1. So how many residues does segment 207-226 have that are surrounded by 12 or more Cβ atoms within 10 Å (Cβ to Cβ) and at pLDDT 80 or above?
2. Suppose we keep only residues that are in contact (Cβ under 8 Å) with a residue 12 or more places away in the chain and of a type in the set (Asp, Glu) within segment 150-175. Which one would you say is nearest to Arg108 (Cα to Cα)?
3. For Cys114, only one of the following conditions fails: (1) under 25 Å from Asp147 (Cβ atoms); (2) touching an Asp or Glu at 6+ places or on another chain (Cβ under 8 Å); (3) open to solvent by 10 Å² or more (accessible area, probe 1.4 Å). What is its number?
4. Is there any pair with a first residue in segment 54-67 that is of a type in the set (Lys, Arg) and a second that is surrounded by fewer than 20 Cβ atoms within 10 Å (Cβ to Cβ) whose Cβ atoms are under 9 Å apart and which are 6 or more apart or on different chains, and what are they?
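The values are calculated or read from the model by the stated rules, or taken from the named source; none is laboratory data. Not measured: the values here are computed from a predicted model. Neighbour counts run over all protein chains shown; Cβ positions are idealised from the backbone, glycine included. In case anyone asks, the SASA skips ligands and DNA or RNA and just uses the protein heavy atoms, side chains included. Shrake-Rupley method; radii C 1.70, N 1.55, O 1.52, S 1.80 Å.
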Amino acid sequence: MNTSLRNEINYVQSVASRFRFRDISCARIFDGDENYTEEALALAPTFNTSLDDQNYLDLTEDCDVFRYTRGYLMSSLTEEEKNFPIAFSLVVYTDTEMVERLLRAIYRPQNYYCIHVDLKASESYFGAIKAISECFSNVFLSAKRVDVQWGTFTVLEPELICMKELWRYRKWKYFINLTGQEFPLKTNFELVKILKSYDGANNIEGTIKNANKERWKDPPPDGLRPVKGSVHITASRWVG
């Protein structure tokens with residue numbers, strides 16, 4: 001293990017150690033205690049653990065160390081979760097650390113993750129995301145990359161690419177699409193409970209009335225009637 005990597009590990013572990021001994025009450029913050037929140041914010045600079053692309057390249061030289069120091073859950077935790085794997089797509093273009101924190105929050109070994117890195121992202125960013133993905137057998141980068149432009153088909157295209165590539169994994173039950181600037185409000189266990197209650201149904205929004213028709217430059221082929229959908233969906237793998 002090189003000196004740079006060892007220094008990174010020692011740094012992360014030392015910060016984590018200091019944090020564990022700080023008596024910070026999240027409950028008081030959530031309850032709206034303004035004075036306490038100000039005190040907690042004053043301590044925030046001492047917990048600055050910002051990592052850049054090169055930090056991630058160094059840390060992922062040893063994937064065991066990376067998974068341990070970053071706190072990844074390498075267990076399904078429950079049999080119910082183990083038997084109900086979920087597929088995710090992550091469409092990302094900036095802020096490696098934010099993307100890695102999102103992945104860490106939703107990661108479970110039974111799930112599957114397709115990451116699409118925007119074609120216009122920097123080489124250092126792409127390299128860091130690629131290095132992170134290679135530390136997990138169930139995380140991969142999409143084979144094709146798209147220059148995503150808001151309000152065009154390119155917003156949808158990465159999702160279709162990941163859907164197609166995730167399809168080869170036969171075990172997952174539901175597909176959820178995310179961007180790199182999001183964070184889950186439910187645990188994996190809670191998601192499984194919710195998705196099981198769907199019983200094969202989808203959560204997909206579509207509207208004709210409120211569609212942005214000015215974005216449709218050409219009429220759709222074969223008499224198809226276009227609709228406007230939400231960016232996010234929850235789709236069942238089940239086919240009749």
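1. 0
2. Among them, the one singled out is Glu165.
3. Among (1) under 25 Å from Asp147 (Cβ atoms); (2) touching an Asp or Glu at 6+ places or on another chain (Cβ under 8 Å); (3) open to solvent by 10 Å² or more (accessible area, probe 1.4 Å), the lone unmet condition for Cys114 is (3).
4. Correct list of pairs: Arg67/Met74; Arg67/Cys135; Arg67/Phe136.
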